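A quick write-up on the structure given underneath.
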Amino acid sequence: MTGPLVGGGGDPANLLLRDVRALDPREGVDARRDVSVRFGHIAELAEPGTLEPVDGQETIDGGGRLVAMPAFFDPHVHLRTPGQEHKENLESGTRAAAAGGYAGVIAMPNTDPVLDSAPLLGAVR
């Protein structure tokens, strides 16, 4: 299970996405829908134009052009920490991934020095 969707301030998202293409291959959903997100979790899917905002939800009108789908996960990321932080570091790499819609990344093991001990890995963590 994943954690809640959060807003810019770090609080759980509370929003209504109107008329977006909702895509969830695991559930067999691929249709235009209103999507209600409450406390960071999808609370309801409904036909476009049928949901009303509740509890001060921010409303975003997708106009059928926005897509709501599961986030991506990138298993091949060069975060360069430790040893090559001038190219990229944990913060810049994970911020770039998040801006591109990625929910998670796996760092490649090609660091210098090599992360080959628990204390070194703990320092990066």
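For segment 65-73, state whether one or more residues are at pLDDT 85 or above, surrounded by 12 or more Cβ atoms within 10 Å (Cβ to Cβ) and either more than 30 Å from Gly28 (Cα to Cα) or charged (D, E, K, R) (or both). No, every residue in segment 65-73 fails to be at pLDDT 85 or above, surrounded by 12 or more Cβ atoms within 10 Å (Cβ to Cβ) and either more than 30 Å from Gly28 (Cα to Cα) or charged (D, E, K, R) (or both).
Only a single criterion out of (1) touching a Gly at 6+ places or on another chain (Cβ under 7 Å); (2) of a type in the set (D, E, K, R); (3) open to solvent by 60 Å² or more (accessible area, probe 1.4 Å) is not satisfied by Asp61, namely (1). Residues satisfying the criterion are present in segment 66-89 (criterion: of a type in the set (D, E, K, R) and in contact (Cβ under 8 Å) with a residue 24 or more places away in the chain). Mind listing just one residue for me: the one in segment 24-36 that is open to solvent by less than 80 Å² (accessible area, probe 1.4 Å) and at pLDDT 95 or above and, of those, farthest from Thr59 (Cα to Cα)? Among those that are open to solvent by less than 80 Å² (accessible area, probe 1.4 Å) and at pLDDT 95 or above, it is Ala31.
Going residue by residue through segment 98-113, is there one that turns out to be farther than 30 Å from Leu16 by Cα, open to solvent by 40 Å² or more (accessible area, probe 1.4 Å), among the aliphatic types (A, V, I, L, M) and out of contact with any Asp or Glu (no Cβ under 9 Å at 6 or more places or on another chain)? Yes, there is a match, as at least one residue in segment 98-113 is farther than 30 Å from Leu16 by Cα, open to solvent by 40 Å² or more (accessible area, probe 1.4 Å), among the aliphatic types (A, V, I, L, M) and out of contact with any Asp or Glu (no Cβ under 9 Å at 6 or more places or on another chain). In the set (1) within 30 Å of Ala123 (Cα to Cα); (2) more than 16 Å from the chain's Cα centre (by Cα); (3) at pLDDT below 90; (4) open to solvent by 40 Å² or more (accessible area, probe 1.4 Å), Gly10 fails one condition alone, (2).
Within segment 86-110, being at pLDDT below 85 and over 30 Å from Pro25 (Cα atoms) holds for Pro109, Asn110. Could you tell me whether any residue of segment 74-85 is in contact with a Pro (Cβ under 6 Å, 6 or more places away or on another chain), closer than 25 Å to Asp30 by Cβ and surrounded by 11 or more Cβ atoms within 10 Å (Cβ to Cβ)? No: segment 74-85 contains no residue that is in contact with a Pro (Cβ under 6 Å, 6 or more places away or on another chain), closer than 25 Å to Asp30 by Cβ and surrounded by 11 or more Cβ atoms within 10 Å (Cβ to Cβ).
The values are calculated or read from the model by the stated rules, or taken from the named source; none is laboratory data. Values in this document were obtained by computation on a predicted structure and should not be read as measured data. A quick note on method: Cβ atoms are made from the backbone with ideal geometry, for glycine too, and the neighbour counts reach across all protein chains shown. These area figures cover heavy atoms from the full protein model, side chains too; ligands, DNA and RNA do not enter into them. Shrake-Rupley method; radii C 1.70, N 1.55, O 1.52, S 1.80 Å.
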